[in-house]
Amino acid sequence: MVAIVGFGSLLSEASARSTFGDGVHNFRLATVLDYRRVFAHPASIFFQRGIANLETKEIASLSTAPAPGCKFLVSVFDIPEELLPDFYEREEEFKIISAKFQELDGSAGGEVYLRHCLLAVKKLGQDVYDDFVATTYLGDRATSIKEYIEANPSIMLERPPPHLVDRYSG
């Protein structure tokens, strides 16, 4: 088995299964470090599927780019190695690399980032905040953010590093 990291459409387990069928095993969440997601890849398949708009230049699919210090959540799942050749052929326009990832183990995956998200949704109103904390879960997919912050109220005391204060303060 080999691990596949999903950062765009493959964040969806349904999409992963439509791509790899019953070959998908152990679907889970993780964090990739030192990369960022970028809508920078013109995708001809979007024209074929009727979801591109040339007039507004809405033609890009998602890719990743090295970005030291950045991180983002991804899906990770295992597939049999014999499925790789078809995957490489389907994604021939991309440079597929081996990237390190850290699996989430039920922790929030980044206290500073979670605090930022909570501050951001709070600014949008109490209804948005209540919805976010009730419908967003930790990597264990069982613990809601509401339950997590009730058990760990010190989360709101976390502070981003100085170079991220403006960006990660809601």
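Observations, loosely collected:
- The set of residues from region 62-77 being of a type in the set (A, V, I, L, M, F, W, C) and either farther than 16 Å from residue 95 by Cβ or surrounded by 14 or more Cβ atoms within 10 Å (Cβ to Cβ) (or both) comprises 62, 67, 70, 72, 73, 74, 76, 77.
- Of all residue pairs spaced 6 or more apart or on separate chains, those with beta-carbon atoms under 9 Å, a first member in region 8-23 that is on the phi > 0 side of the Ramachandran plot and a second member that is surrounded by 14 or more Cβ atoms within 10 Å (Cβ to Cβ) are 21/83.
- When we screen 76, 32, 2 for residues that are of a type in the set (Val, Ile, Thr) and closer than 20 Å to residue 113 by Cα, the only hit is 32.
- Breaking point among (1) over 23 Å from residue 38 (Cα atoms); (2) out of contact with any Phe, Trp or Tyr (no Cβ under 9 Å at 6 or more places or on another chain), for residue 145: (2)
- Members of region 116-170 found to be among the hydrophobic types (A, V, I, L, M, F, W, C) and outside any helix (DSSP H, G or I), listed by number: 124, 138, 142, 165
- Evaluation of residue 99 against (1) in contact with a strand residue (DSSP E or B) (Cβ under 6 Å, 6 or more places away or on another chain); (2) part of a strand (DSSP E or B) (one fails), failing number: (2)
- Residues that are surrounded by 13 or more Cβ atoms within 10 Å (Cβ to Cβ) and among the charged types (D, E, K, R) were ranked within region 1-23; the one that is modelled with the highest pLDDT is 17.
The values are calculated or read from the model by the stated rules, or taken from the named source; none is laboratory data. Bear in mind that the values here come from a model prediction, so they are computed numbers and not experimental data. Methodologically, a virtual Cβ is constructed for each residue, glycine included, from the backbone with ideal geometry; neighbour enumeration extends over all protein chains shown.
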